[in-house]
Amino acid sequence: MMIKIFGHTAPDTDATASALIWAWYLNEVREKPATAYVQGTPNTEAAFVLSRWDFDIPELLDLQDGDKVVIVDTNNPAELPANINETDIKQIIDHHLLVGGIKTKTPINVTMRPVAATATVMYSIMREPALDTMPDTIKGLILSCILSDTLEFRSPTTTPRDREIADRLANDLNINIANYAAEMFAAKSDIAHFSDAELLRMDSKKFEVDGTNFRVSVLETTSPATVMERKNSLIASMDTIAAEDGVDQVLLFVIDILTESATLLIPNDTVRSVAKKSFGCTVEGDTVHLPGVMSRKKQIIPNLKV
């Protein structure tokens, strides 16, 4: 039976490309039939990366009970299909905190490492002949994942291993990292064709903190002014999104890649209180600037207080 490989909902570059990377590895190296899928439309940066390295966007996942699966770039049941525990999970490859709630039918390989990208984990656990026979297209996907999740090494999630692999692959591909990352981030910053609802859900994760359920969204951009032009309409859409998605509050952090800072939108007194308690800041008006905050995984989620 073919193995289905997929990442989290609201697929970004790492979730989308990691599924393709591991599908190549299983098919070409391990000789196990496998296909990559996505849970939703990949964001603009991911679409750019796939086009740049000559990949089609994977098909939308249709998961049936009993399917053989490999989960990448998440281990959170809230980001996976409702019937995930009814499937035959073969492997999990991730770099996020352990959430719990996934059940398997047999013992499986689980690889979770504290690095910036799932693609870094994958590269690290591959062995010859995979590393010797890896085509440039797969190298390009791995490099792209690392640059995306590290924000070109600006994010505090960046590790020496991420940088080492990225430098090695960029050298193999004869790619200037700064120039290529700028292209990626320009694609990520193109939000003109997205509705407010799509922007609030595009790169987001659900988390529960002390009994309060949040949708924590980030928009990483080199043009934060473009996002802030839509501030009022984004704030106006938050209550609707919260109600539709079954959460109490939507938190939107606009990450300025170039200045290495975040702006949190403040739609109500509850979020104002969360901002004060979580980041020790003074909040005036409907936004608050958070210097140095760039990582949802390392700086936002662990600090959230209600």
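Any read-out appearing in this document is the output of simple, stated calculations on the displayed coordinates, not a laboratory observation. Since this is a predicted model, take the numbers as computed values, not measurements. Heads up, the Cβs are rebuilt from the backbone with ideal geometry, glycines too, and the neighbour counts pull from every protein chain shown.
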Discussion item. Could you sort the peptides 106-114, 19-27, 43-51, 291-299 by per-residue average Cβ neighbour count (10 Å cutoff), highest mean leading?
Written reply: 19-27, 43-51, 291-299, 106-114
Item to complete: Could you compute the FRET efficiency for A178 and S124, with r as their C-beta to C-beta distance and R0 at 22 Å, rounded to 0.05?
Response: 0.35
Practice prompt. Pick out which of D73, D190, D172 has the largest mean-square fluctuation in a Gaussian network model of the chain, springs linking Cα atoms closer than 10 Å.
Written response: D172
Item to complete: Within segment 198-306, list the GluC sites (Glu not before Pro) lying in a DSSP loop whose Cβ has at most 12 other Cβ atoms in a 10 Å radius.
Response: E229, E284
Discussion item. Under the rule of at least 5 residues apart or a separate chain, name every residue whose amide H is placed under 5 Å from the amide H of E208.
Written reply: F214
Fill in: Cα gyration tensor shape of segment 4-98, rounded if a/c is under 1.5, else prolate or oblate by comparing a/b with b/c
oblate
Response to the item:
Debye calc, one equal point scatterer per Cα of segment 196-303, no solvent, log10 I(q)/I(0) at q = 0.15, 0.22, 0.23, 0.24 1/Å comes to -0.55, -1.34, -1.49, -1.65
Worksheet item: If you plug each phi of segment 142-157 into the Karplus form 6.51 cos²θ - 1.76 cosθ + 1.60 with θ = phi - 60°, what whole-Hz ³J(HN,Hα) values come out, in order, with x for Gly and Pro?
Response: 4, 4, 4, 4, 5, 5, 5, 6, 8, 6, 6, 6, 7, 6, x, 6
Fill in: Quotient of C-alpha Rg and 2.2 N^0.38 Å, computed over segment 201-263
1.16
Worksheet item: On the first, second and third principal axes, largest extent first, how far apart are the outermost C-alpha atoms of segment 3-187 in Å?
Response: 45, 32, 29
Discussion item. 5 Å is the cut-off here: which amide hydrogens, built 1.01 Å from N in the peptide plane, fall below it relative to K32, excluding neighbours closer than 5 in sequence?
Written reply: N27
Worksheet item: For K231 and L97 in one chain, what is 0.36 nm times their gap in residues minus the Cα-Cα distance, to one decimal in nm?
Response: 45.2 nm
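In deg cm²/dmol, rounded to 500, what helix-only [θ] at 222 nm does the chain give when every DSSP H run of at least 4 residues adds -39500 (n - 2.57) and the total is split over its residues?
Here the helix-only value at 222 nm equals -11000 deg cm²/dmol.
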Fill in: In Hz, Karplus ³J(HN,Hα) per residue of segment 228-241 (6.51, -1.76, 1.60; θ = phi - 60°; x = Gly, Pro)
5, 4, 9, 3, 4, 6, 5, 4, 5, 8, 5, 4, 5, 5
Worksheet, complete the sentence: Rounded to the nearest 10, the angle in degrees between the Cα long axis of helix 177-188 and the longest principal axis of the Cα atoms of the chain comes to 60
Worksheet item: Any idea what the alpha-carbon Rg over 2.2 N^0.38 Å comes to for segment 142-196?
Response: 1.24
Worksheet item: Of K188/K297; K205/K276; K105/K188; K103/K188; K68/K298; K103/K277, which pairs sit farther than 27 Å apart, going by alpha carbon to alpha carbon?
Response: K105/K188; K103/K188; K68/K298; K103/K277
Worksheet item: What list do you get for S273, S223, S144 if you sort them by fewest beta carbons within 10 Å?
Response: S273, S223, S144
Discussion item. Once each part is reduced to its C-alpha centroid, what is the distance from segment 226-272 to segment 146-163 in angstrom?
Written reply: 25
Fill in: Relative contact order computed over the chain (Cα-Cα under 8 Å; 6+ residues apart), in percent
14
Fill in: J(HN,Hα) series, segment 44-59, from Karplus relation 6.51 cos²θ - 1.76 cosθ + 1.60, nearest Hz, glycine and proline x
5, 5, 4, 4, 4, 4, 4, 5, 4, 9, 6, 10, 7, 5, x, 5
Worksheet, complete the sentence: The helix 13-24 Cα axis meets the longest alpha-carbon principal axis of the chain at an angle in degrees, between 0 and 90 and rounded to 10, of 10
